[in-house]
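Q: Just passing along the structure, written as structure tokens.
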Amino acid sequence: MNRLLRSTAILTLLAAPAFAQQDDTPGPTGEPEAVAPETAVPAPEQTAPETDESETSSEPAATDADSDAEREAAPARDAAEPDTAETEGATPAADAPAAEQGTAGDDAQTSEEAETAEEGDAPSEPAESDADAQDEAAPARDAADPDTAETEGATPAADAPAAEPGTAEDAAEGAEETPADGEETEEDGSGEDGSAEEDGSAEADQQAAQARPSSDAKVPASGPDWKSFHGQVSGAKYSPLDQITPENVGELELAWRLETGDVSDGSGDLPATVWSATPIYANDLLYIGTPFYRVLAVDPATGEEVWSFDSQSTLEALTQPALKNRGVAYWEAAEPVEGEACQRIVYLGTMDAQLFALDADDGALCEGFADGGVLDVNQWNTVNDRWPLSLLQPPTIVDDHVIIGWAGNDWDWAEAPPGSVFSVNAQTGELEWTFDTIPEDIRERTGTANVWTAMSADEERGIVYLPVASPSPNYWGGNRTEDIPYATSTTALDIETGEVIWSRQWVHHDIWDYDINSAPTLMDITVDGEDIPALMQATKMGFLFVVNRETGEDVWPIEEREVPAGDIEGERYAPTQPFPTVPAPLIDQATLPDVWPLADIASFGACSKLWDEMQYAGMYQPPTTEGAGAGAYPNSAGVVQWGGVGFDPERQLAVVNLSHVVQYIQLYEREDYDRINGEAGPGESGFHPQTGAPYGMSLKTALNRWGMPCWKPPFGELAAIDMTTGEIVWRKPFGTSQRYGFYMPEKWGSPTIGGPAVTASGLIFIGATMDAKVRAYDLETGERLWEDLTEAPSVSNPAIYEHDGAQYVAFVSGGNSILKPSVGDMVSVYRLPVE
């Protein structure tokens, strides 16, 4: 027995990743066992193959990430026949009143998981009870007959009156034309439950949606710069540069490295830092925001500082468990006036809700912007103002509009600031419009449904796309049984007015914290010979919803399927949820992954016992007080993180990195919760009160006593999708789990945070893994071609730019406690050798 215990301890030391009891994306640990399919196109609900227990050994078997098996990627691009699938779900809403100015919105998540959390689940048996009524949903605005087509799901609004400054009415209220939960039945299932609306309302929505002129405009071509968080406001993360190729990428060398000094591990007076900034290349400078809320402008070729700015912001964790920053935003006048200040502006947000506007040339405050160069966004925090509207994600810049979302404190309050998005003038900071996500009559008793992540925009069509989060509290909805159509949705707004053009709700009555956590990726694709202006929304659930970005209707059918109901008194359970048919789900959401024998043996069967005690009937298993609680797979951190999906417009290939993580959610009646007096864990794990609700909750990762994941590998993957067919071309385990200096076999993969960048030459650049490495992959085959080691996980999207004729790739390595307890302040920039 002592020998067994010693062996177990050694295995744990070597294999246990850093996320023991971290809530979103625990790091894998343990021995070589399960191997994910590396090249084959997976079945719709199958991801990682089961492995035989004989693969378990007492010592990790080192494997080469570039093994022959991984290089055998055989792209299978033959399209599955979607003609027989039935369509359902949200359609464009037309009657919502216009967005109006002056109100505040919802929170993002108290922890890094809030920034990265996403999950979803599919029942094993699709329900077809509503199919006949719903298969005509989402009519094309330029073709469908509005007199006969029926709509379902979220209720996109198109004819809302123009936004009026200074008011606090809710734009969602007009779209909310369905009965309250107590009045609706499963048969009519109007609004948020995803079933068909009354014919009159549906026809009005369709007619209003079709009234908006159609356009054949394409996503604008990318340039050699990197002017926004995703490179382009389309969210594609695509560079047309081709100097670095699959043939020469192995020659990449470090051009320069910069350490900002703005870092904390939380052991001193300052909270820990979580740094996820994407550098911005514009105006012949590289702009970098830091978690101490400073801006550095450096020479793109050498890293030498040109100017810096310190906001002198309060370095306190006001809404998040750490000091966080995802960078800065950049604007320039269409016709800059030489000699005048602030013709080019860099914007920096802070956790205490201040937006700074700086002259991009010298870092001086732009005195004409708001109050001497500083906009107090918290002035619009007027309902349930429990905490400031934290500006952690840089705003989205479209023409002369600065469009602002914000983050907050999840899980702790039933009543929180209700979600809002603000548009201000780029030069003056004057409020142009406000969009409210929650109907006015219920805002005071709920909240959140904010936009805490990046947005994307179609500049030619004048549309901004909002990825909207879930309402408060996150795991109990008895205080918000009415429909909230814009919650957990992708909502398209008119850039000039804030009016709703269309909206698709991806989770009805969200009680799983399945925030829409990444900017949708805009893409022009050709499907069955037809050119389609499309949008792909990646989700925590592992779904990739693809719709026409002009109208919001399905590109491939999206079905409403029945999901399980729970037994919590006073709760409302949506009878159906939207399920896309193409592309297939990234993970099998109908069943929990198998228990990992190695982790089970090491814990003397504790993992198997946990699996037996968890309730799980698919990813929409409702939270419960029973047993060990409800299995959460996908988990709240999500299958796809806020880095989103990259897209190559020439090859029409989409690229996405994904995580496999199992958690479990437990509800506690208030008296029981208060008696337990539990504490929050790392990230967003542990106990959270949901103050004001009759239930507190806990969220824990399914780890054994040694911190080893109880589920089989792989723990993370990278995949490419042919967007002409929706078929997966290749998918492979991605990254390596690492702790204490030891690297696990690459076939196990790593949970990931951050996203990819893609080049015209056929390369994928990405950090994202817990092993602190940055890598380059062949876009066509998934073969790893290059890697380098940095000081901490690079949990930001890379930037790719050309300066003085040379192509550069920049990574920020700031770390994230969800992956492992490692922080950093390093910027690493690479280029080919100088001849």
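The values are calculated or read from the model by the stated rules, or taken from the named source; none is laboratory data. Everything numeric here is computed off the predicted structure, so don't read it as measured data. As a convention, Cβ positions derive from the backbone with ideal geometry for all residues, glycine included, and neighbour counts pool all protein chains shown. The area values use the complete protein model at the heavy-atom level, side chains included, leaving out ligands, DNA and RNA. Shrake-Rupley method; radii C 1.70, N 1.55, O 1.52, S 1.80 Å.
Q: So which strands (runs of 3 or more DSSP E) are wholly in region 330-395 and hold at least 1 residues that are touching a Cys at 6+ places or on another chain (Cβ under 8 Å) and in contact (Cβ under 8 Å) with a residue 24 or more places away in the chain?
A: So the answer is 344-349, 354-359.
Q: Report the residue count in region 224-237 for those that are within 22 Å of residue 536 (Cβ to Cβ) and open to solvent by 20 Å² or more (accessible area, probe 1.4 Å). Please lay out each step first, then the result.
A: Residues of region 224-237 that are within 22 Å of residue 536 (Cβ to Cβ), as a first pass: 226-237.
Checking the rest, the ones that are also open to solvent by 20 Å² or more (accessible area, probe 1.4 Å) come to 227-228, 232-233.
Of the residues in that region, 4 qualify.
Q: Mind checking which residues of region 792-804 are open to solvent by 50 Å² or more (accessible area, probe 1.4 Å) and either free of Cβ contacts under 8 Å to residues at least 40 places away in the same chain or within 17 Å of residue 237 (Cβ to Cβ) (or both)?
A: 802
Q: From the list 271, 246, pick out the single residue that is closer than 30 Å to residue 821 by Cβ, touching a residue at least 24 places away in the same chain (Cβ under 8 Å) and open to solvent by less than 50 Å² (accessible area, probe 1.4 Å). Please lay out each step first, then the result.
A: Values: 246 fails: closer than 30 Å to residue 821 by Cβ.
Only one candidate passes the filter, namely 271.
Q: What are the residues in region 591-615 that are assigned to a loop (DSSP other than H, G, I, E, B) and surrounded by fewer than 19 Cβ atoms within 10 Å (Cβ to Cβ), if any?
A: Matches in region 591-615: 591, 594, 604, 605.
Q: In the set 521, 453, 491, which member is modelled with pLDDT of 95 or more, of a type in the set (Val, Ile, Thr) and touching an Asp or Glu at 6+ places or on another chain (Cβ under 9 Å)?
A: Numbers: 521 fails: touching an Asp or Glu at 6+ places or on another chain (Cβ under 9 Å); 491 fails: touching an Asp or Glu at 6+ places or on another chain (Cβ under 9 Å).
After applying the criteria, what remains is 453.
Q: Sticking with this structure for a sec: I want to confirm something. Restricting to region 281-298 and keeping residues that are open to solvent by 10 Å² or more (accessible area, probe 1.4 Å) and not in a strand (DSSP E or B), which single residue is farthest from residue 345 (Cα to Cα)?
A: 292
Q: Name every residue in region 624-652 that is in contact (Cβ under 8 Å) with a residue 40 or more places away in the chain, part of a loop (DSSP other than H, G, I, E, B) and of a type in the set (A, V, I, L, M), in order of residue number.
A: 637, 639, 640, 645
Q: What are the residue pairs meeting all of these: first residue in region 215-232, first residue more than 16 Å from residue 457 (Cβ to Cβ), second residue open to solvent by 40 Å² or more (accessible area, probe 1.4 Å) and not in a loop (DSSP other than H, G, I, E, B), Cβ atoms under 7 Å, and 6 or more apart or on different chains?
A: Once the first residue is more than 16 Å from residue 457 (Cβ to Cβ) and sits in region 215-232, its partners that are open to solvent by 40 Å² or more (accessible area, probe 1.4 Å) and not in a loop (DSSP other than H, G, I, E, B) give 224/802.
Q: Let me ask something else about it. What is the residue count in region 553-562 for residues that are open to solvent by less than 10 Å² (accessible area, probe 1.4 Å) and out of contact with any helix residue (DSSP H, G or I) (no Cβ under 8 Å at 6 or more places or on another chain)?
A: 1
Q: For region 414-442, name all the residues that are within 20 Å of residue 511 (Cα to Cα) and open to solvent by 10 Å² or more (accessible area, probe 1.4 Å).
A: Within region 414-442, just 415 meets the criteria.
Q: Please state which of the following conditions residue 438 fails to meet, knowing it meets all the rest: (1) out of contact with any strand residue (DSSP E or B) (no Cβ under 6 Å at 6 or more places or on another chain); (2) modelled with pLDDT of 95 or more.
A: The single condition residue 438 does not satisfy is (1).
Q: Tell me, yes or no, whether region 568-590 has at least one residue that is charged (D, E, K, R), part of a loop (DSSP other than H, G, I, E, B) and modelled with pLDDT under 95. So that I can check it myself, show each step before the final result.
A: Residues of region 568-590 that are charged (D, E, K, R), as a first pass: 569, 571-572, 588.
The next check asks that each one be part of a loop (DSSP other than H, G, I, E, B); those that pass are 569, 571-572, 588.
Filter once more, so that each one left must be modelled with pLDDT under 95: 569.
Yes, that holds for at least one residue.
Q: Consider residue 698 carefully, then state whether it is among the small types (Gly, Ala, Ser), in contact (Cβ under 8 Å) with a residue 60 or more places away in the chain and not in a strand (DSSP E or B).
A: no
Q: Looking at region 738-775 only, could you name the residues that are modelled with pLDDT under 95, charged (D, E, K, R) and open to solvent by less than 10 Å² (accessible area, probe 1.4 Å)?
A: Of everything in region 738-775, just one residue is modelled with pLDDT under 95, charged (D, E, K, R) and open to solvent by less than 10 Å² (accessible area, probe 1.4 Å), namely 771.
Q: While we're looking at this one, here's another question. Could you identify the single residue in 693, 702, 719, 680 that is closer than 28 Å to residue 532 by Cα and out of contact with any Asp or Glu (no Cβ under 8 Å at 6 or more places or on another chain)?
A: Only one candidate qualifies: 719.
Q: While we're here: Looking at region 467-495, which of its residues are out of contact with any helix residue (DSSP H, G or I) (no Cβ under 7 Å at 6 or more places or on another chain), without any contact (Cβ under 8 Å) to a residue 60 or more places away in the chain and not hydroxyl-bearing (Ser, Thr, Tyr)?
A: Hits for region 467-495 are 468, 494.
Q: Name the single residue, out of those in region 396-413 being surrounded by fewer than 24 Cβ atoms within 10 Å (Cβ to Cβ) and assigned to a loop (DSSP other than H, G, I, E, B), that is modelled with the lowest pLDDT.
A: So the residue we want is 412.
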